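Encoded as structure tokens, the structure appears first; notes follow it.
The values are calculated or read from the model by the stated rules, or taken from the named source; none is laboratory data. Keep in mind that this is a model prediction, so the values were computed, not measured. When we count neighbours, we look across all protein chains shown, and the Cβ atoms used for this are built from the backbone with ideal geometry, even at glycine. Accessible surface areas use protein heavy atoms only, side chains included; no ligands, DNA or RNA. Shrake-Rupley method; radii C 1.70, N 1.55, O 1.52, S 1.80 Å.
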Amino acid sequence: MRAFVFLRGLAASLALVLPLCAAAQAWPNKPIKWVIPYPPGGITDSATRMVVQKVQEQTGWTIVVENKPGANSILGADFVARSSPDGYTFLTVIGAHAANATLYAGRLPYDVVKSFAPVSLVGVAPLLMTVNNNLPVRDVKELIAYTKANPGKVSFGSSGVGAAAHLTQELFKQVTATDMVHVPYKGTAPAMNDLMGGSLQILTDTPSALMPHVRSGKIKALAVYSAKRLPGLADVPTISEAGGPAIEGSTWVLFLAPAATPRDIVNRLSVETAKAINTPEMKARFESLGIEPGGNTPEQAAKFLDDEIAKWAKVIAAAGVKAE
């Protein structure tokens, strides 16, 4: 009788467990939604679509990319944070996600860390500092000297308050003890127009956004905010090589899932993401965009995000940056 009761209990347990195992093994059995909290175009959109397309080719999965821009990426991130953690909704974030933890502390509808499960760091794009052709400087050392000789008269633009480019230039100001005026724009394009027109002196952004104008001779590239030169920009020195401080600043692309998404699903997507990123084809495409390939584990992605949040929290506090 005891054996009968044991076997009956075992059968009942298996009846509950087996369907769950089968469901996990069957994932995904419907289209996956991928949210980009920015408009189409730009490095975030391009990198996400390239990697997601490669993942689809590798796996046969159906992934539908949807742009949900608004409120400095908060609208799209909130949508994913509130989504069911069933492995059918994912999110792309960039440097602004880390800055938002401080800029909107206590005001976000989600927790930047606790509401999400990191999947993988896709890539890092070191930022490029450029100046208008009329500024009488040839390198970063001369820029620092010129700015100190003209305090409050040199302006730098960015795509908005809290953007990676804005905070990187604030870090530059703090380390070099220079006095420059920040001019926020609604995107890179209008800032570029003013840079070329001469009303703006400095613009820092991704190489993919700035280098076409550098190569056409409309603006000057001074340095990249990285520890080593970028393969696609071998003629552009690092900040320290150009006579500036050894600081780094970048935007980056990182994949997240809603918190409590099954770990086996997160791990599977992380592996497929790394596989896609490290193909020769993808590495070449990333190099053309000035992106250093990522493709790491969920644990490594989580540490990267934590470090970025801490780094920019110090810069924001020291500069007194306030969200718009």
Listed by chain and number, the residues whose amide H is under 5 Å from that of SER158, excluding neighbours fewer than 5 places away on the same chain and using placed H, are VAL183, TYR185
Express in nm, to one decimal, how much length is gained between VAL113 and GLU287 on full extension, taking 0.36 nm for each residue of separation and deducting their alpha carbon distance.
59.7 nm
What is the spread of the Cα atoms of the chain along each of their three principal axes, largest first, in whole Å?
94, 42, 30
Rg and Dmax of region 11-166, Cα atoms only, in Å
21.8, 82
Taking the alpha-carbon distance from LYS68 and a cut-off under 12 Å, which aspartates and glutamates remain once sequence neighbours fewer than 8 residues away in the same chain are dropped?
ASP45, ASP78
Cα axis of helix 140-149 to longest principal axis of the chain: angle in degrees, 0 to 90, nearest 10?
60
Note: region 192-324 at 10 °C, 1.306 mPa s; Kirkwood Rh on alpha carbon pairs; Stokes-Einstein D in µm²/s works out to 91
State, to one decimal in nm, how far the label point of ARG49 lies from the label point of MET196, with both points 7 Å from Cα in the Cβ direction.
2.3
Using amide H atoms built in the peptide plane, which far-off residues or other-chain residues are under 5 Å from LYS33 H to H?
VAL64, THR89, PHE90
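Report the Rg/Rh value for region 100-213, based on alpha-carbon coordinates and the Kirkwood definition of Rh.
Radius of gyration over Kirkwood radius for region 100-213 works out to 1.03.
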Separation of the GLN56 and ALA319 label points, Cα + 7 Å toward Cβ, nm
3.7
Using each residue's phi in region 58-75, evaluate 6.51 cos²θ - 1.76 cosθ + 1.60 at θ = phi - 60° and report the 3J(HN,Hα) Karplus result to the nearest Hz, with x for Gly and Pro.
6, 10, x, 5, 9, 10, 9, 8, 10, 8, 10, x, x, 6, 6, 6, 5, 4
Choose one of ILE291, PRO109, ALA189: the residue whose Cα lies farthest towards the positive end of the charge dipole of the chain (beta-carbon charges +1 Lys, Arg; -1 Asp, Glu; about the Cα centre).
PRO109
Among the chymotrypsin sites (Phe, Trp or Tyr not before Pro) in region 249-288, which ones are in a DSSP loop with at most 15 other Cβ atoms within 10 Å of the Cβ? Mind listing them?
none
Give me the net charge for the shell around LEU289: Cβ to Cβ below 15 angstrom, other residues only, Lys and Arg +1, Asp and Glu -1.
0
For region 132-221, how many pairs of lysine residues have a Cα-Cα distance under 21 Å, where the two are 8 or more positions apart or belong to different chains?
8
The chain: calculated mean residue ellipticity at 222 nm from DSSP helix runs of at least 4, using -39500 (n - 2.57):
-14500 deg cm²/dmol
Note, ³J(HN,Hα) from phi for region 115-120, Karplus 6.51, -1.76, 1.60, rounded to Hz, x at Gly and Pro:
7, 9, 10, x, 10, 6
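Taking the radius of gyration and the Kirkwood hydrodynamic radius from Cα positions alone, what is the Rg/Rh ratio for region 30-91, to two decimal places?
Rg/Rh: 0.97.
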Please calculate the 1.4 Å probe accessible area of ARG229, with all protein chains present, and give it to the nearest 10 Å².
100
In region 234-265, whose amide N lies under 13 Å from the spot 7 Å out along Cα-to-Cβ of VAL175? List them in ranges.
238-250
Counting only pairs 8 or more residues apart or on different chains, how many lysine pairs in region 275-317 have their Cα atoms under 26 Å apart?
5
At 0.36 nm per residue, and after removing the present C-alpha to C-alpha distance, how many nm does the segment from ASP235 to ARG138 gain when stretched out fully?
33.5 nm
Rounded accessible area per residue of region 165-220, 1.4 Å, Å²:
40
